[in-house]
């Protein structure tokens, strides 16, 4: 039944757009925006609390998949209409058959999925927030102290509004009430970083890590803080420590690849790490696949300038990645 509903939605959208627009690109863009808006609302409804990154990524992927089939069918119908119009203009009476490929493993279906995913990464702020905000709860993650929880809640609201000074004040009050409140230390560190108080941010992350050595948020964010301080090798060490906690966390390889590429200009090392990140993102159906893809393209441009296209292709091949 769900498949039938999606097909009818796609047909309806196609009918409306083809009547209103003559230009195929405009029709496709309108359909893409319509379906992206639906996906974004679905993503906004996801709760990231007490979930791992890959669990949240899977829910995001399900939201995208709900609308990919409609986009896929709509695009195929538009292609058929364009072919018919071309034939009519040429007085060509050749019959045009409509064949809708619904195979989710097909190249064309995956292209529709990735097109929708890329659009969402650029236009749906909720997706980036959800993909980056999972907090897996551990023993010291939350507090039993009522006042600490109240200050924490206020801090979160102020942070959401971009009032990081107020957010920091309330997270400070939360950890003063309960020094073992790990999530409050995490968010205090984030607020300090937003206020460009990097040393204080690092200290807050260290407090959280001391309470919970397996906390992925502080381990990941302390690496980012070291990047702000231009202490790149310390940042790499932090990412490597995160890898001992979550071996398959793509942010490890993405972070290391980003450092080698954009700061140390060691493109071959950067490419190898970024390819590993890309593969993990794809396996986990994470929307951040598009970010890895963008950096790989940038590395290609740089290595091409250096006459290292062969080395580029070898690294891709070693990571089981083929170019389209």
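Brief remarks on what is shown
- Number of residues in segment 202-229 that are in contact (Cβ under 8 Å) with a residue 40 or more places away in the chain and farther than 17 Å from residue 246 by Cα: the value is 1.
Matching residues to (1) surrounded by fewer than 19 Cβ atoms within 10 Å (Cβ to Cβ); (2) free of Cβ contacts under 8 Å to residues at least 24 places away in the same chain; (3) in contact with a helix residue (DSSP H, G or I) (Cβ under 6 Å, 6 or more places away or on another chain):
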{"position": "261", "(1), (2), (3)": "no, no, yes"}
{"position": "266", "(1), (2), (3)": "yes, yes, yes"}
{"position": "269", "(1), (2), (3)": "yes, yes, yes"}
{"position": "273", "(1), (2), (3)": "no, yes, yes"}
{"position": "297", "(1), (2), (3)": "yes, yes, no"}
{"position": "303", "(1), (2), (3)": "no, no, yes"}
{"position": "310", "(1), (2), (3)": "yes, yes, no"}
{"position": "318", "(1), (2), (3)": "yes, no, no"}
{"position": "321", "(1), (2), (3)": "yes, no, yes"}
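- Residue within segment 246-258 that is part of a helix (DSSP H, G or I), over 18 Å from the mean Cα position of the chain (by Cα) and assigned by TED's automatic domain parsing to the domain that holds residue 184 present: no
- Test: residue in segment 234-244 that is free of Cβ contacts under 8 Å to residues at least 40 places away in the same chain and on the phi > 0 side of the Ramachandran plot: no
- Qualifying positions in segment 139-152 - at pLDDT 60 or above and under 30 Å from residue 286 (Cα atoms): 141, 142, 152
- Scanning segment 218-257 for residues that are surrounded by 15 or more Cβ atoms within 10 Å (Cβ to Cβ) and more than 20 Å from residue 202 (Cα to Cα) yields 246, 249, 250, 253, 254, 257.
- Lone qualifier among 104, 130 - being under 26 Å from the mean Cα position of the chain (by Cα), buried (at least 18 other Cβ atoms within 10 Å of the Cβ) and modelled with pLDDT under 75: 130
- Residue among 184, 148 that is closer than 23 Å to residue 246 by Cα, touching a residue at least 24 places away in the same chain (Cβ under 8 Å) and outside any loop (DSSP other than H, G, I, E, B): 184
- Residues that are in contact with a helix residue (DSSP H, G or I) (Cβ under 6 Å, 6 or more places away or on another chain) and modelled with pLDDT under 90 were ranked within segment 203-217; the one that is nearest to residue 193 (Cα to Cα) is 217.
The values are calculated or read from the model by the stated rules, or taken from the named source; none is laboratory data. Note that the structure is a prediction, hence the values are computed from the model and not measured. Neighbour counts run over all protein chains shown; Cβ positions are idealised from the backbone, glycine included.
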